[in-house]
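Have a look at the structure below, then the notes.
The values are calculated or read from the model by the stated rules, or taken from the named source; none is laboratory data. A quick note: this is a predicted structure, and the numbers were derived from the prediction, not measured. When we count neighbours, we look across all protein chains shown, and the Cβ atoms used for this are built from the backbone with ideal geometry, even at glycine. With ligands, DNA and RNA removed, areas are computed over all heavy atoms of the protein, side chains included. Shrake-Rupley method; radii C 1.70, N 1.55, O 1.52, S 1.80 Å.
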Amino acid sequence: AVMADPWTGDIIAAAQRPTFNPNDRRSIAPDAWRNRIAEDTFEPGSIMKPFAVAGALDRGLVTPDTRFDCENGLWFYGGKSLKDSHPMGNLTVTEIIQHSSNIGTAKIALLMGNKKLDETIRSFGFGQRTGIPLKPETAGLLRPLKRWDTLSITRFPIGQGLAASPLQLVRGYCMLANGGYPVKLRLVDRLEDPVTGIVNKIPQEKTRSLFSNPQTQKELVQMLIRVTDPGGTARAARSD
């Protein structure tokens, strides 16, 4: 679990299992030494979907109300099938996020094309290290555009065929939440002299938003809130 402030990039909390007691060296398992938020990668799956949708929204290719035929849960593209966990018909872009439709997201990505989709994914920091002062840190796995195959455009936006670290995903979601501004993840935000009491705050680097349309962030956040509504796929995550 990693918790960050989306506007400052400050890592507020992090926890992992298995853990260890540094005072009891006899019982430390080497597997517990890994700093998993920085070193480990995994296929993110559906939590990648908002990044592709953000790119399509910001480019004006879709609106929250644009409809796509989700093929009743089974669709063939490039000679391979793509399924949804629940059969669904025509859905708006908002409903595609709310119900986590693989097919709908893949069709949105097809509107973007390989190059724009690749640019979008990389603009959120995937395929590169975050730069946080934790060593080693993985860059994740995101194949170069020239090595994409026919299925890549339908699989990468649904989080299949690539790998990311927890820190990369947290940084990406910080950018979705803060209006598209790249943030530098950090563990220290100030230096305090214990003798003089002088505090030196470490400023964040000023960056430009990835989004050309200021409505993109507002529309996307509203879609993500719908995921926790009674009809969404993450009802248990809803906050009072």
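Some notes on this structure:
- Reported to the nearest whole Å, the Cα centre-to-centre distance from segment 1-67 to segment 89-155 is 15.
- Pairwise Lys count, segment 84-240 - Cα closer than 26 Å, eight or more residues apart or different chains: 18
- Bridgeable aspartates and glutamates around residue 83 (alpha carbons under 15 Å apart, same-chain partners fewer than 8 residues away excluded): 69, 71.
- Share of carbon and sulfur in the accessible heavy-atom surface of the chain [1.4 Å probe, %]: 53
- Karplus (6.51, -1.76, 1.60) ³J(HN,Hα), θ = phi - 60°, over segment 158-170, in Hz, Gly and Pro reported as x: 9, x, 10, x, 9, 9, 9, 8, x, 5, 4, 5, 4
- Contact order relative to length of the chain, as percent, for alpha carbon pairs under 8 angstrom and 6 or more apart: 25
- For peptides 156-168, 210-222, sequence by mean Cβ density within 10 Å, most packed first: 156-168, 210-222
- For segment 205-212, backbone phi angles converted through the Karplus equation (6.51, -1.76, 1.60; θ = phi - 60°) give residue-by-residue couplings of 5, 6, 10, 9, 5, 5, 8, 8 Hz, Gly and Pro being listed as x.
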